[in-house]
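> Pasting a structure here, questions to come.
The values are calculated or read from the model by the stated rules, or taken from the named source; none is laboratory data. Since this is a predicted model, take the numbers as computed values, not measurements. Please note: Cβ atoms are built from the backbone with ideal geometry, for glycine as well, and neighbour counts cover all protein chains shown. We work out accessible area using only protein heavy atoms, side chains counted, and drop any ligands, DNA or RNA first. Shrake-Rupley method; radii C 1.70, N 1.55, O 1.52, S 1.80 Å.
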Protein chains: 2
Amino acid sequence: MPQPSTAVLMFVAYRHAEKRIVDFLAESGFGDITLAQGRIAARLSEDGLRLTELAEQAQVTKQTAGFLVDQLEAAGYVERVPDPSDARARLIRLAPRGRQVQRRARVMERRIEAEWERHLGAERMADLHASLADLREITDPYR
Amino acid sequence: MPQPSTAVLMFVAYRHAEKRIVDFLAESGFGDITLAQGRIAARLSEDGLRLTELAEQAQVTKQTAGFLVDQLEAAGYVERVPDPSDARARLIRLAPRGRQVQRRARVMERRIEAEWERHLGAERMADLHASLADLREITDPYR
DNA sequence: GATAATCGTCAGAGAATCTTACCATTCCGG
DNA sequence: CCGGAATGGTAAGATTCTCTGACGATTATC
């Protein structure tokens, strides 16, 4: 790779951040969260989300999403409740332990972004974020 | 995810690009290349690289790298040759078919970057690439 | 030369993912 | 309002990717 493409450069930085967050969570007493579970859990809130939507957003099949949610549920991070508007569906929402781990993950997320800002300067960091957010319009079908 | 972090935004764009490249390769007659194989193959050249270095750069264990190189070798994309400077080692280098697929991947890579540039404008695209390249200094241990 | 480090492989296991098929519920056109 | 199509989710099974631990061969170090 003489000149890594823009996309590969994104991957390098992303994976660095992801790994540091998972390691940090392990140190914080959440050692049972895997990377794949984290990608799912990051998309949940207390509001609840259907499995189908979750799977679309996370870009996996609903079977895969269900598999990971099963594990998160068994570990006490999420819970499934009936969807009042549709008896076929259930809403997946963060349990208290899930909120804890999400708060903890955000701590490291902010720390990493602070490092990046120190390295790039505030203005370039803001531009970087803005450009990435704009790219989402043409790269994220589930925006 | 109310406000996706910078890292997650990187992942979204990266995955979009990666998927489009793999799909494009499949249409181009390279339907046997998987995503994981592609991440390995992207780092190779005709010069040859040791398995250990390849594994470090791709951020996988050398067993995993070996597993993927076995498949790439069986499919004719790469070949292993003795390392003249060390009898323990072998160099993994692109075979002719590997060079073909890499050229093809670069076509789509450039196409995607052109789309991004149309969306952001030339200046912001250049800034994005430069910032990502700078971040690599603090995010990529194998730079 | 003896010892330690490095390069790669083998064996075995676990995690994540997919495809195909299916049931239950809801939506919709006639 | 009824019957077919669509949607939400699960089940079963296979495949792919990845890791840990152990090991033989070669090289580097003292």
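> Helix A:62-74 versus the longest principal axis of chain A: what is the Cα-based angle in degrees, 0 to 90, to the nearest 10?
In chain A, helix A:62-74 runs at an angle near 80 degrees to the longest axis.
> Sequence neighbours fewer than 8 away in the same chain don't count; with that in mind, list the aspartates and glutamates whose C-alpha is under 16 Å from B:Lys62.
Partners within reach: B:Glu53, B:Asp70, B:Glu73.
> Interface B/A, total buried accessible area with a 1.4 Å probe, nearest 100 Å²? Display every interim value, and only then the final one.
On the way: alone 9720 and 9740 Å², together 15110 Å².
Roughly 4400 Å².
> Calculate the mean, over all residues of peptide A:34-46, of how many other protein chain Cβ atoms lie within 10 angstrom of the residue's Cβ. Please report the intermediate quantities before stating the final value.
Details: counts 0, 0, 0, 0, 0, 2, 0, 0, 4, 3, 1, 2, 0.
The shielding value for this peptide is 1.
> Only sites in a loop by DSSP and with at most 15 other Cβ atoms within 10 Å count here; which GluC sites (Glu not before Pro) in the range A:1-95 make the cut?
Working: sites: A:Glu18, A:Glu27, A:Glu46, A:Glu53, A:Glu56, A:Glu73, A:Glu79; in loops: A:Glu46.
When the GluC sites (Glu not before Pro) of the range A:1-95 are filtered for loop state and at most 15 Cβ neighbours within 10 Å, A:Glu46 remain.
> Another question, if that's okay. Kindly give the distances from B:Gln63 to its copy-mates, label point to label point, with each label point 7 Å from Cα along Cα→Cβ, as nm values to one decimal ordered shortest first.
Listed shortest first, these distances are 2.6 nm.
> Hey, in the GNM for chain B with a 10 angstrom Cα cutoff, which one of B:Asp83, B:Asp127, B:Asp70 fluctuates hardest?
Looking only at B:Asp83, B:Asp127, B:Asp70, the biggest GNM fluctuation is shown by B:Asp127.
> Nearest the rotation axis from A to B, which residue of chain A has its beta carbon, and at what whole-angstrom distance?
A:Met10, 2
> Considering only protein heavy atoms and a 1.4 Å probe, what is the carbon-and-sulfur percentage of the accessible area of the protein assembly as shown?
Values: 7440 of 15110 Å².
Using a 1.4 Å probe with all protein chains present, the protein assembly as shown comes out at 49 percent carbon and sulfur.
> Top mean-square fluctuation among B:Gly48, B:Gly121, B:Gly66, Gaussian network model of chain B, C-alpha springs under 10 Å?
Looking only at B:Gly48, B:Gly121, B:Gly66, the largest GNM fluctuation is found for B:Gly121.
> Between the label point of A:Arg110 and that of the same position in each other copy, find the distances and list them shortest first in nm, with every label point placed 7 Å from Cα along the Cα-to-C-beta direction.
Result for A:Arg110, in nm, nearest copy first: 4.5.
> Using helices alone, what [θ] at 222 nm do you get for chain A, with -39,500 (n - 2.57) per DSSP H run of 4 or more residues, divided over all residues and rounded to the nearest 500?
Details: 6 runs with 93 residues, N = 143.
The helix-only estimate for chain A comes to -21500 deg cm²/dmol at 222 nm.
> Might you report the magnitude of the Cβ-based charge dipole of chain B about its Cα centre, with Lys and Arg at +1 and Asp and Glu at -1, to the nearest 20 debye?
Details: 22 positive and 22 negative charges, 54 e Å.
It works out to roughly 260 debye.
> Tell me the angle of helix A:96-120 to the major Cα principal axis of chain A, expressed in degrees between 0 and 90 and rounded to the nearest ten.
Taking the Cα atoms of chain A, the angle to A:96-120 is about 10 degrees.
> Now for a separate question. For helix A:6-27, report the angle its Cα long axis makes with the longest principal axis of the Cα atoms of chain A; keep it between 0 and 90° and round to the nearest 10°.
60 degrees
> Sticking with this structure for a sec: Which trypsin sites (Lys or Arg not before Pro) in the range A:30-90 pass both tests, a DSSP loop state and at most 10 other beta-carbon atoms within 10 Å?
Numbers: sites: A:Arg39, A:Arg43, A:Arg50, A:Lys62, A:Arg80, A:Arg88, A:Arg90; in loops: A:Arg43, A:Arg88.
The qualifying sites are A:Arg88.
> Just to be sure I follow: if Rg is taken over the C-alpha atoms of the range A:1-117 and Rh is the Kirkwood radius over the same atoms, what is Rg/Rh? Could the numbers behind the result be given before it?
Working: Rg = 15.8 Å, Rh = 15.3 Å.
With Rg and the Kirkwood Rh in hand, the quotient comes to 1.03.
> So if I place +1 on the C-beta of Lys and Arg and -1 on the C-beta of Asp and Glu, and nothing else carries charge, what would the dipole magnitude of the protein assembly as shown be about its Cα centre? I want it in debye, nearest 20.
Working: 44 positive and 44 negative charges, 74 e Å.
In total the dipole reaches around 360 debye.
> Suppose you put the label 7 Å out from Cα in the Cβ direction; list, shortest first and in nm with one decimal, how far B:Pro141 is from each other copy's label.
3.6
> Given the options A:Val12, A:Val81, A:Val107, state which has the largest fluctuation in a GNM of chain A using a 10 Å cut-off (strictly under) for Cα springs.
Of A:Val12, A:Val81, A:Val107, the most mobile in the Gaussian network model is A:Val12.
> Have a look at A:Ala126, A:Trp116, B:Val107 and report the one farthest towards the positive end of the charge dipole of the protein assembly as shown, computed about the Cα centre with Cβ charges (Lys/Arg +1, Asp/Glu -1).
B:Val107
> For the protein assembly as shown, just the Cα set please: Rg and Dmax, both in angstrom.
20.5, 69
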